[in-house]
Amino acid sequence: MATNDRQAREARARLRTYQARQEVHARSVRRRRRDNVIAGIALVVVLALATAAQLLYFDGGPGSPEAEPTATPAATETPQPVPSAELAGDRTWVGALTLNDTTLSIEFDGAAAPQAVSSTISLVQSGFYDGLGCHRLTTEGLFVLQCGDPNGDGTGGPGYTYGPIENAPEDGVYPAGTIAMARQAGDAESQGSQFFIVYEDTTLTADEAGGYTVIGRVTDGLDALRSEIIDFGTVDEAPDGQPVRPVTITSFDVE
């Protein structure tokens, strides 16, 4: 009889141990499921924010013919002063912009776009652009290489923004070689340091703020830009994205 009681107690103990292990396992499964749900929600939120950023900075959608070069200045505690529009001197400035090993001869029209040219000249002379890159290449409908963002993702600037829009083509046609200022959609006062080089004739539809400030043009080297950078395309062959071949501004001079 004592042996039977002992065996019964041992059986009950084994059952309790088994049940406890099962409960621990069930809790572990529930915790993993909960963690997976939380991770999934976090991923959805991150993707939603990334999509929203794309819509904000690349209005019109990747690859759309109406996509717009855009920029947002980097946040600063104290906004920097906008360079005086008198710096451009109402004259033509000539210089060279070197991207990797590709040198583009350029000229800026200080008479047609005094504020934008003055700002760009000031940034060039201060060395602001040295070592910055070109973070965006578009290849369908909109044919531009966008450069000059210190953050490298389309969100940076020199610590100030300015307007108005100057020297925008009335017909919305930006010929190959055009150098123009990027801005946020619908905001004429959001120009900063980001600029874009048009490597093939492009039509940009004006929004409520207008068109895009044309500061100058590439006078030589556009073919080399195409063969050395543009023709390599974008990451994942997207029509609007980072260039496959990383691009760095190795020198920028105007006089």
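Structure values in brief
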item	result
Members of segment 197-210 that are assigned to a strand (DSSP E or B) and of a type outside the set (Gly, Ala, Ser)	Ile197, Val198, Thr202, Thr203, Asp207
Residue in segment 223-230 that is among the small types (Gly, Ala, Ser), farther than 26 Å from Val82 by Cα and either modelled with pLDDT of 95 or more or in contact with a strand residue (DSSP E or B) (Cβ under 8 Å, 6 or more places away or on another chain) (or both) present	yes
Residues (assigned to a strand (DSSP E or B) and within 26 Å of Ala116 (Cα to Cα)) located in segment 211-242	Val214, Ile215, Gly216, Arg217, Val218, Thr219, Asp220, Asp240, Gly241
Search result, residues across segment 125-155 that are under 17 Å from Ala176 (Cβ atoms) and of a type in the set (Ser, Thr, Tyr)	Thr138, Thr139
Segment 153-182, subset under 18 Å from Glu107 (Cβ atoms) and of a type in the set (Ser, Thr, Tyr), residue surrounded by the most Cβ atoms within 10 Å (Cβ to Cβ)	Tyr174
Residue list for segment 194-245, filter: among the hydrophobic types (A, V, I, L, M, F, W, C), touching a Ser or Thr at 6+ places or on another chain (Cβ under 8 Å) and surrounded by fewer than 19 Cβ atoms within 10 Å (Cβ to Cβ)	Ala224, Val244
From Glu200, Glu166, Glu208, residue being closer than 24 Å to Asp90 by Cα and of a type in the set (Asp, Glu)	Glu166
Those strands (runs of 3 or more DSSP E) lying entirely in segment 84-152 with at least 1 residues assigned by TED's automatic domain parsing to the domain that holds Pro246, crowded, with 19+ Cβ neighbours inside 10 Å and basic (Lys, Arg)	133-138
Candidate set from segment 192-250 (those that are hydroxyl-bearing (Ser, Thr, Tyr) and more than 22 Å from Thr155 (Cβ to Cβ)); member that is farthest from the chain's Cα centre (by Cα)	Thr219
When residues of segment 169-184 are limited to those that are assigned to a loop (DSSP other than H, G, I, E, B) and in contact with a Leu (Cβ under 9 Å, 6 or more places away or on another chain), the one farthest from Asp240 (Cα to Cα)	Pro169
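The values are calculated or read from the model by the stated rules, or taken from the named source; none is laboratory data. Because the structure is predicted, anything quoted here is derived from the model rather than measured. Neighbour counts are summed over all protein chains in view; Cβ atoms, including those assigned to glycine, are modelled from backbone coordinates with ideal geometry.
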